[in-house]
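The values are calculated or read from the model by the stated rules, or taken from the named source; none is laboratory data. In this text the structure is predicted, and so the values were computed from the model without any measurement. Because the Cβ atoms are built from the backbone with ideal geometry, glycine has one as well, and the counts that use them run over all protein chains shown. Just so you know, the surface numbers come from the protein's heavy atoms only, side chains and all, with ligands and any DNA or RNA stripped out. Shrake-Rupley method; radii C 1.70, N 1.55, O 1.52, S 1.80 Å.
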Amino acid sequence: MKRAIIITGYIEGPEDIKSRLDSYHPAKGTCALSRLADETEVICADKGWKYAPTLGFTPDYYIGDYDSSEKPPKTDNITLLQCEKDDTDTEAALNLALDHEADDVLILGGLGGRFDHTMGNIGILYGYTKKFRKLELMDGRNKVFMALPGDITVHKDGYKYLGIFAYGGRALGVTLEGFKYPLTDYDLDCDTSLGVSNEILGESARISLKEGALLIVQSNDK
């Protein structure tokens, strides 16, 4: 199993991410960050390399057009992209991870800041989830991933809230077990706030989906 960490050019709360890294103990749960203890390829998109020291990472690869930021220090492992292109630096970094045969990818940042970038990154999440065994976006307050048809176990991982949202159309046959507000075989539309602010009662809960896609957001108040 190959892992990759992508550090984006905008991260809200990098110190909070580092705090979660420092305070994590594998015996206490299955936090997404537990896999960082293993050997992991670190890819910095655009000015993500500036966040790497704060997060405690040494970059392995750099990729970006650097049209609005300075380039990283001279390195042999840099891919310079054209400023005018169809994909963002973050998507280019994700494609690099795919080329390197990573199957477990955590994208740090990419939420907050410019809203068009946030929406683009959610679109990337939807488009690339099938290509990886695990793909998540995370900043200092949120962890975001996509659930496709089937059953998944979601661990609390120190987050108070969990929200579910139908993505790309209606999500059919949604079942939530182990939540404060359960659902059974519910068809969730994408034009409702029904899925906001749910909570996992124990250390983990189960989400089942028959058809469609669910955007899962685990979060804390500031």
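For the range 177-192, a residue qualifies if it is farther than 10 Å from residue 214 by Cβ and in a strand (DSSP E or B), and the qualifying residues are 177, 179, 183, 184, 185, 186, 187. Residues of the range 81-91 that are closer than 17 Å to residue 114 by Cβ and either modelled with pLDDT of 80 or more or surrounded by 13 or more Cβ atoms within 10 Å (Cβ to Cβ) (or both): 87, 88, 89, 90, 91. Residue 106 satisfies every condition listed in (1) surrounded by 20 or more Cβ atoms within 10 Å (Cβ to Cβ); (2) in a loop (DSSP other than H, G, I, E, B) except (2).
Restricting 183, 188 to residues that are of a type in the set (A, V, I, L, M) and open to solvent by less than 30 Å² (accessible area, probe 1.4 Å) narrows the list to 188. Taking into account only those residues within the range 114-134 that are under 16 Å from residue 152 (Cα atoms) and of a type outside the set (A, V, I, L, M, F, W, C), which is least open to solvent (accessible area, probe 1.4 Å)? Per the stated criteria, the residue is 129.
Of all residues in the range 55-80, those being open to solvent by 50 Å² or more (accessible area, probe 1.4 Å), at positive phi and over 20 Å from the mean Cα position of the chain (by Cα) number 0. A single entry from 214, 172, 137, 176 fulfils the requirement of being touching a Pro at 6+ places or on another chain (Cβ under 7 Å), surrounded by 14 or more Cβ atoms within 10 Å (Cβ to Cβ) and touching a residue at least 24 places away in the same chain (Cβ under 8 Å): 176. Could you tell me whether residue 146 is closer than 27 Å to residue 11 by Cα, of a type outside the set (Gly, Ala, Ser) and modelled with pLDDT of 95 or more? Taking the combined requirement at face value, the residue satisfies it.
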